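The values are calculated or read from the model by the stated rules, or taken from the named source; none is laboratory data. The model shown is predicted, which means the values in this text are computed figures rather than measured ones. For neighbour counting, all protein chains shown are included, and Cβ atoms are generated from backbone atoms with ideal geometry for every residue, glycine included.
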Ligand SMILES: Nc1ncnc2c1ncn2[C@@H]1O[C@H](COP(=O)(O)OP(=O)(O)OP(=O)(O)O)[C@@H](O)[C@H]1O
Ligand SMILES: [Mg+2]
């Protein structure tokens, strides 16, 4: 039952906000925005008829009019609970870069971090070559929507051969009721440079729509570790798309933790050049009526690429999880080595998961595998713990916790790991560890 | 300690135990032998409270309480311990975590505070040593990737830490090499105490050479068909079970 999607209220409100959007005087950006607007006008929000969206109904986005705001009110104590001590940080409040809350002092000259507004106000020739190049408006109409609506974001560039000593944390924070926080971020890791970026999505408003698009460029032999911790408010809607261009010999390590929001969609797409590697890990936890969609697409374009994908899901109550993992091996991508695995744990009879691994192989000399499981906790494991004195509810929590914690365990950043560990423990309160 | 009277147990309406009677006094070691499929593991599971078994007749009294009324975890906290014939692998849960969770659950049940972290480590490490295990096993996931023998040894490690009152060993000796058998048997012997009883299910006399039982029973076709002293095990080793068919104790 596809609800007819109507983008009209958003389109009607657009002219009033357009002039306040950054880059109004840049013809190339105006073209991107107008093109995005046209795509959005033609298609509305993606709907169930679209193969890539067949499990995820975005009708709710039409029911509430989410609007941009320049409100910057925030409870900083609450924010600080998510801030990592040992990291530089950028804070985007309601989709706008906050220079007062961001902590960038002492940032070395090799690392440039600017708000998208500032970057567009300055000499934007370099940015022009990046923005809209890792992903185009044709990707789908939420990306097009983001192109038209993004009000800010962050532009990061790491100089060649430089290895960042500390990670950069990007806190996407929404505090204003029914806000639309649309951001576009551009990340450039130059040749042989290495960086770690941690994205946190949080919100103190009850309901809002956070829509972020990241365009990442890994130049030859560059390395990027990118963590995404989506812990949005219970009733929030979330879209986060990360689109990566990997030059030869580059390495991408992505971790996607999808814990919050009532409706969440994450896209990860990477285009791999010669001998580049990408590893994408994910953990989605759904409870109550949460709907969490994860979409990954790994494009092996050139020979000798390596990709590893490991996603786990835990769905309780009436929650629904979606995993669509596509691996495309182009004709030229000989000697590709690719593995994909998705394991799901259903904790209730009403919980549901749609998992769809897709391998499309056009080269002949490749090593590709994929595997999917959907199951419940094993009763013999529950009984084993009970037979050692652990009550049944705790036994189930311990086993669920252990299943999910495998993904948290892969996090190398100790502070982030502790933060995620706490989240997990709150969801599955096993006895004290 | 434990008194089983005329116990009848079915699985999916199929009778497995058919009038089993057995009494174990504090401090006693009872061995149960019997052919495959006789119902030995069924007995151990019913005693520890596993779901899927229907008691159609009879009673089990443990320390004066109706054991069958208690939830599995309560039985464990009251001192019933089952060393499984097939120990379960629990990925993601470390041995040391389970030991601590189990010990604290038991202490809480008896109104005691949580075990002090340092004391706990001292206790656990001494037991690891007793069973000649590598301390690394403590930090590995419970039974995950353990060899058959390592799993059995790990079960006895848990028993050594939890100090149960009734210790049911379901074929703990099967799959152990000669050295491991000796170590596990020594572990069991070190646990023997005036207030602790053992129910040892085994197919082999060689375990009983190390852990000398007070009583040996033969379980066949769902009931105890013969009981005797340690010499009964030797007789069984020699003659098998067929000569007992049709007999009842
Ligand atoms: N879930 C089940 N459904 C049906 N029958 C079962 C089930 N579990 C056990 N049984 C049957 O119950 C009988 C007793 O099994 P049990 O495991 O108690 O035997 P055992 O004496 O421990 O044998 P062994 O020496 O091989 O370990 C067997 O015939 C077995 O097939
Ligand atoms: Mg058995």
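Structural remarks
- Meets criteria (touching a helix residue (DSSP H, G or I) at 6+ places or on another chain (Cβ under 9 Å), under 30 Å from residue A:407 (Cβ atoms) and buried (at least 21 other Cβ atoms within 10 Å of the Cβ)) for residue B:31: no
- Qualifying positions in the stretch B:43-78 - surrounded by fewer than 21 Cβ atoms within 10 Å (Cβ to Cβ) and within 14 Å of another protein chain (Cβ to nearest Cβ): B:50, B:51, B:52, B:53, B:70, B:71, B:74, B:78
- Taken over the stretch B:195-221, the criterion of being surrounded by 17 or more Cβ atoms within 10 Å (Cβ to Cβ) and closer than 8 Å to residue B:30 by Cβ is satisfied by B:197, B:198, B:199, B:200, B:213, B:215, B:216, B:217.
- Within the stretch B:104-120, if we keep just the residues that are facing another protein chain (nearest Cβ under 8 Å) and crowded, with 17+ Cβ neighbours inside 10 Å, the residue that is farthest from residue A:383 (Cα to Cα) turns out to be B:104.
- Qualifying residue in the stretch A:367-381 (condition: within 8 Å of chain B (Cβ to nearest Cβ) and crowded, with 21+ Cβ neighbours inside 10 Å): no
- Screening the stretch B:1-107 for strands (runs of 3 or more DSSP E) wholly inside it with 3 or more residues that are within 16 Å of ligand 2 (Cβ to nearest atom) returns the ranges B:14-24, B:29-33.
- Subset of the stretch B:138-153 (residues that are crowded, with 22+ Cβ neighbours inside 10 Å and within 13 Å of chain A (Cβ to nearest Cβ)): B:142, B:143
- Filtered by the rule that a residue be farther than 16 Å from residue B:160 by Cβ and part of a helix (DSSP H, G or I), the stretch B:108-125 gives B:108, B:109, B:117, B:118.
- For the stretch A:45-80, a tally of residues being in a helix (DSSP H, G or I) and modelled with pLDDT of 95 or more returns 5.
- Subset tally (residues that are more than 6 Å from ligand 1 (Cβ to nearest atom) and modelled with pLDDT of 95 or more) for the stretch B:33-50: 8
Here's the yes/no breakdown for (1) more than 14 Å from every other protein chain (Cβ to nearest Cβ); (2) crowded, with 16+ Cβ neighbours inside 10 Å:
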| residue | (1), (2) |
| --- | --- |
| A:330 | yes, yes |
| A:357 | yes, yes |
| A:384 | no, yes |
| A:394 | no, yes |
| A:402 | no, yes |
| A:411 | yes, yes |
| A:422 | yes, no |
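- Test result for residue B:15, more than 19 Å from residue B:164 (Cβ to Cβ), modelled with pLDDT of 95 or more, more than 14 Å from chain A (Cβ to nearest Cβ) and within 16 Å of ligand 1 (Cβ to nearest atom): yes
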